[in-house]
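Peer 1: Please find one structure pasted underneath; my questions will follow.
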Amino acid sequence: MQNLVAAIERLDPLTVSGRVAAVNGLLIEARGGLSRLAVGARAEIDRLGDAPVAAEVVGFRETRALLMPFGPVEGVAPGAQIRIEPRGSAVRPTKAWLGRIIDSFGEPIDGKGPLPQGQVGYPMRAAPPAAHARDRVGERMDVGVRAMNVFTTCCRGQRLGVFAGSGVGKSVLLSMLAKNAECDAVVVGLIGERGREVREFIEETLGEEGLKRAVVVVATSDEPALKRRQAAYMTLAIAEFLRDQDLEVLCMMDSVTRFAMAQREIGLAAGEPPTTKGYTPTVFTELPKLLERAGPGPIRPDGTRAGPITGIFTVLVDGDDHNEPIADAVRGILDGHIVMERSIAERGRFPAINVLKSISRTMPGCHHPHEREIVTAARRSLSAYSNMEELIRIGAYRAGADPQVDRAIQLNPALEAFLTQDKDESTGLESSFAALSQILNEAA
């Protein structure tokens, strides 16, 4: 009955239609019905010999509306009818969505039957909570990964970026966090993923235990740009629902770069001028709007607090250049960054995190004094070894030349073993600091 009531409430008694005036690449120009149109409005376009295709208004050009379809444009003919749905889009999730896999429209794609619909609609493109009404970042979170627990400690409601090139191990790191992180629910957005990798990630990498408390939103790389962009909005909308149920949510998105690429396609098709590497101005406008939706929950008028959304967003750096436009923009928005390097992965150390280049902006405030000493000593040793690594490898460094480097050489095998972790292995926060402290003390 609730689903029926929700469906009736979404009905618009007034039907407004237009007509297809032109099709230019992925862009459909519409005439008529402009009084009921706005950017973001949804429409349905008839196709010859095929089912209608959903579309969204992305701009206007003089007296015509510009629409982009959520599916193929084959079959769209001049004069085809366009039915306008001016209310836009919203999703009605429930806690029963945990353990399910859905597409960018909120439809199940796991073959487990229909999804129950909630009573409250959450807009896809909701505004972030007001800055003055947000709670502060909470206590630190145990993520189960030693390198992150110690060197880039994450707090509840913090947002971290994982910056890496392709094939360096971002997805495996996300799966470790999904299975081991200390939280109530996980929302995973796979944006622009390879189609063959989706089941592999869900069944092998994430696993049955990880999926039980997760909602996975999927939009593969072959899907239209609008669907890839909407999958990112859907991921945050579901996370916001779970947050409002006072759950501690871990929201992970792989990757923000593909969201930016989808927005670039949409912007270029709508006639926006390209800027650095072809990215349009709206890309850099939409990034903070999306990423700011994660973070500490709002404080309600009655003084109660919603749960936090801890965000882990991967960034696929173009050509392993960590200063490319999207990486640079995202790094300035988030509360820290984790750098994964191909050279570390090539020598067989996973997760391939370069702890010297990784930063959590909640550190060192979230550490106890003795933990700060442990991290400082470990970083000093790793830095000393890194500075002399080339000389050490070719045998040009002579023992006794620098006591600090000598100690770094002595500690390096144990530190490398500490930073290496199997994807099925989990180490708690306190255990991570205890293990690192033991390594430093044994070499004293």
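The values are calculated or read from the model by the stated rules, or taken from the named source; none is laboratory data. Owing to the predicted nature of the structure, the values given are computational and were not obtained by experimental measurement. Neighbour counts are summed over all protein chains in view; Cβ atoms, including those assigned to glycine, are modelled from backbone coordinates with ideal geometry. Ligands, DNA and RNA are excluded from the accessible area calculation, which covers all protein heavy atoms including side chains. Shrake-Rupley method; radii C 1.70, N 1.55, O 1.52, S 1.80 Å.
Peer 1: From the residues 307, 319, 336, which one has its Cα farthest along the dipole of segment 290-340 in the positive direction, the dipole being from +1 and -1 charges on Cβ of Lys/Arg and Asp/Glu about the Cα centre?
Peer 2: 307
Peer 1: What whole number of Å gives the distance from the Cα centroid of segment 49-105 to the Cα centroid of segment 146-160?
Peer 2: 38
Peer 1: What net charge is computed for the residues neighbouring residue 62, neighbours being all others with C-beta under 13 Å from the C-beta of residue 62, Lys and Arg scored +1, Asp and Glu -1?
Peer 2: +2
Peer 1: Mind grabbing the accessible area of residue 272 for me, 1.4 Å probe, Å², rounded to tens?
Peer 2: Probe radius 1.4 Å; accessible area of residue 272 about 40 Å².
Peer 1: Using every Cα-Cα pair within segment 370-443, state what percent have a distance larger than 22 Å.
Peer 2: Working: 754 of 2701 pairs.
The calculated P(r) of segment 370-443 puts 28 percent of pairs beyond 22 Å.
Peer 1: If you don't mind, there's one more thing I want to ask. Quick one: go through segment 58-90 and flag any residue whose amide nitrogen is under 20 Å from the point 7 Å out along the Cα-to-Cβ line of residue 31.
Peer 2: The answer is 58-68, 76-84.
Peer 1: Here is a further query. List the relative contact order of segment 314-444 as a percent without decimals, with contacts defined as Cα pairs under 8 Å and 6+ residues apart.
Peer 2: RCO, segment 314-444: 21 percent.
Peer 1: May I pose another question? Please give the charge dipole size of segment 254-350, origin at the Cα centre, charges +1 on K and R Cβ atoms and -1 on D and E Cβ atoms. Round to the nearest 20 debye.
Peer 2: Charge dipole of segment 254-350: 300 debye, to the nearest 20.
Peer 1: Accessible area, 1.4 Å probe, largest first: how do 317, 137 sort? Walk me through the numbers on the way to the answer.
Peer 2: Numbers: 317 5, 137 65 Å².
Correct descending sequence by accessible area is 137, 317.
Peer 1: Using a 1.4 angstrom probe on the protein heavy atoms only, could you order 373, 265 from most to least accessible area?
Peer 2: The residues order as 373, 265, largest area first.
Peer 1: If you add up the charges near residue 282, with Lys and Arg at +1 and Asp and Glu at -1, over every other residue whose beta carbon is less than 13 angstrom from its beta carbon, what do you get?
Peer 2: +1
Peer 1: Given 418, 374, 433, which one lies farthest toward the positive end of the charge dipole of segment 370-443, if we put +1 on the Cβ of every Lys and Arg and -1 on the Cβ of every Asp and Glu?
Peer 2: 374
Peer 1: With all distinct Cα pairs included, what does the Kirkwood hydrodynamic radius of segment 170-249 come out to in Å, to one decimal, could you say?
Peer 2: 13.0
Peer 1: For the chain, what does the helix formula give at 222 nm: sum of -39500 (n - 2.57) over DSSP H segments with n ≥ 4, over the residue count, nearest 500 deg cm²/dmol? Can you show the working numbers first?
Peer 2: Working: 14 runs with 150 residues, N = 444.
The helix-only estimate for the chain comes to -10000 deg cm²/dmol at 222 nm.
Peer 1: Here's something else I'd like to know. Please compute the net charge surrounding residue 80, taking Lys and Arg as +1 and Asp and Glu as -1 over other residues with Cβ under 14 Å from its Cβ.
Peer 2: So the environment of residue 80 carries a net charge of -1.
Peer 1: Quick one: dipole size for segment 306-396, taken about the Cα centre, charges +1 on Lys/Arg Cβ and -1 on Asp/Glu Cβ, in debye to the nearest 20.
Peer 2: Computed about the Cα centre, the dipole is about 360 debye.
Peer 1: Ignoring everything but the protein chains, give the 1.4 Å probe accessible area of residue 124 in square angstrom, nearest 10.
Peer 2: 10
Peer 1: Tell me the relative contact order for the chain as a rounded percent, counting alpha carbon contacts under 8 Å between residues six or more apart.
Peer 2: Value for the chain: 17 percent.
Peer 1: A further question follows. Rounding to the nearest 10 and keeping the result within 0 to 90°, find how far the Cα-based axis of helix 429-442 lies from the longest principal axis of the chain.
Peer 2: Compared with the principal axis, the helix lies near 30 degrees.
Peer 1: Okay, next question. At 20 °C and 1.002 mPa s, grab the translational diffusion coefficient of segment 12-87 from Stokes-Einstein with a Kirkwood Rh over Cα pairs, rounded to a whole number in µm² per second.
Peer 2: Translational D for this selection: 180 µm²/s.
Peer 1: How long are the semi-axes of the equivalent ellipsoid of segment 269-402, defined as square roots of 5 times the Cα gyration tensor eigenvalues? Whole Å, largest first.
Peer 2: Taking √(5λ) for each eigenvalue gives 36, 26, 11 Å, largest first.
Peer 1: Please give the charge dipole size of the chain, origin at the Cα centre, charges +1 on K and R Cβ atoms and -1 on D and E Cβ atoms. Round to the nearest 20 debye. Working shown, then result.
Peer 2: Working: 52 positive and 57 negative charges, 193 e Å.
Value, rounded to 20: 920 debye.
Peer 1: For the chain, max minus min Cα coordinate along each principal axis, in Å, sorted largest first?
Peer 2: 83, 48, 42
Peer 1: Measure out, as a whole number of angstrom, how far apart the alpha-carbon centroids of segment 301-322 and segment 339-417 sit.
Peer 2: 27
Peer 1: Same structure again: Which three extents, in angstrom, do the Cα atoms of segment 214-298 have along their principal axes, listed largest first?
Peer 2: Per principal axis, max minus min of the Cα coordinates gives 42, 27, 17 Å.
Peer 1: Let me ask you something else. Hey, with R₀ at 22 Å, roughly what FRET efficiency would residue 394 and residue 416 work out to, going by the Cβ-Cβ distance, to 0.05?
Peer 2: 0.70
Peer 1: Could you sort 212, 179 by accessible area so the largest value comes first, with the probe set to 1.4 Å?
Peer 2: 212, 179
Peer 1: Would you mind pulling out the separation of the Cα centroids of segment 111-127 and segment 170-218, in Å?
Peer 2: So the separation of the two Cα centres works out to 20 Å.
Peer 1: Restricting to lysines 8 or more places apart or on different chains, can you count the pairs in the chain with Cα atoms under 26 Å from each other?
Peer 2: Here the count comes out as 25.
Peer 1: Now, a different point. So what is the relative contact order for segment 12-87, in percent, with contacts set as C-alpha pairs under 8 Å and at least six apart?
Peer 2: 40
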